[in-house]
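This report refers to the structure that appears directly beneath it.
Just so you know, all these numbers are worked out from the coordinates, no wet-lab data involved. Remember, it's a predicted structure, so these values are computed and weren't measured experimentally. Quick reminder, even Gly has a Cβ in these numbers, built from the backbone with ideal geometry, and neighbours come from all protein chains shown.
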Amino acid sequence: MGQKSGRQERSKKLELALSETMKAATEVQSNKDEAEGLKAKDQRLTSVFGVADLKNGAIGLYNVGQSCCLNSLLQVFLMNIHFTGILRRMTVPPRAGQKNRNVPYQMLLLLEEMQCGKQKAVFPTPLALCLSGYRVKLFVQHDAAQLFLTLWNLIKDQMKKPELVEELSSLYTICVQEHLACQKCSLETKRKSKMLTLPLPMLDADSCVLKTLEDCLQYFFRPEELTDHNMCFCEQCGRKTPFLQSMKLVHLPQTLTIHLKRFCFGESSYVHKLSHYLPFPQDLDFNAILTENQCQADDNEKASWQYELFAVVAHSGSTSCGHYCAYIRSLTECKWYCFNDSQVCQVSWDDVKCTYGHSNLNWTETAYLLIYMKKCPK
Ligand code: ZN
């Protein structure tokens, strides 16, 4: 367990750098074009992959070498028909050795095994072995937020067709604009950043608990004064000066991944888990959360910021000895399932709400990653 994000940082810069794992240099199209492109893409996907993706119902994955974290993330990927629509069009590597080393191809094989077989659960062993070649070890308790970034980058890098890489990026990538303004002179810099997750703090700067997901989002996008040891070097002033840092939301993707930073480093790098109650809604409207100043998007883009909860990756247990499972709403059946390795069962929204957390029950399941899906534009 444990994240690289280190100590509770007041500055967002580090977090941005961490999440910003993509080197995509392509200029973002105008927001309008992008929204229309996404809409057309959605329609195409629905027409091609409108049938139930997992037609035998939800299929479990056996735990191979403490793979509960990997299993949970695989279920979140493979239950997402927008993702599998891209995966199915990948180029199959020609040689056996290349096939064994190709992460997206091994995911495709696993998906097919899950769909075609009659068994209740399948073994993800070939994929787990393939990943071990990329330093994703077995018998290690992974951090789901980090493993998600690792998996996503491996999939993107190994999916050869440029148009699929672009579709994958647009399916998951959040775009923000960072503003930095020197408080001693007029220097102002703007920079566009891409992120795969929104890493939301669960405490404010005074270590007070943020009460709802909406509060966490508002806190994440608030302007922040960088003073004292957080000061930045101003080229115009020629020294370190206080800065005002703010972040504006530019674009939200079809599949939005929110990372609740429940694991944090305390004194002497002891990792502890924040298990407190944090409710999150099934329907999320970013226009109701952010102010005009916190957005850098046109009306078309903003109109698409209506989300519905798709999945929750939950962690239970302690930081050193924990377990992951995933609650996922089947997009084709509109039913919630709990995927706990090989055990899969249908659950209710009330069961999903049990992952809100409880301060006095540190060992119970708490939501760690929240995956929201854009509601289809009408
Ligand atoms: Zn300055």
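General remarks:
- Length added when fully stretched, GLN119-HIS229, from 0.36 nm per residue minus Cα-Cα: 33.9 nm
- Shape of region 49-173 from the C-alpha gyration tensor: rounded (a/c under 1.5, with a ≥ b ≥ c the square roots of its eigenvalues).
- Chain lengthening between HIS179 and GLN98 when straightened (0.36 nm per residue, less Cα-Cα): 24.8 nm
- For the peptides 295-302, 310-317, residues were scored by their other Cβ atoms within 10 Å and the scores averaged per peptide; the highest-first order is 310-317, 295-302.
- Whole-angstrom gap from region 330-378 to region 157-207, using each part's C-alpha centre: 26 Å
- TYR134 versus GLU112: modelled label distance in nm, points set 7 Å from Cα along the beta carbon direction: 1.9 nm
- Debye-sum result for region 176-378 in log10 I(q)/I(0), which assumes one identical scatterer on each alpha carbon, at q = 0.08 Å⁻¹: -0.34
- Neighbours of GLY357, meaning other residues whose beta-carbon lies under 11 angstrom from its beta-carbon, give a summed charge of +2 when Lys and Arg score +1 and Asp and Glu score -1.
- Computed E for GLN343/CYS321 - FRET, C-beta separation, R0 22 angstrom, nearest 0.05: 0.70
- Estimated FRET transfer efficiency (ASP206, TYR270; beta-carbon r; R0 22 Å; 0.05): 0.60
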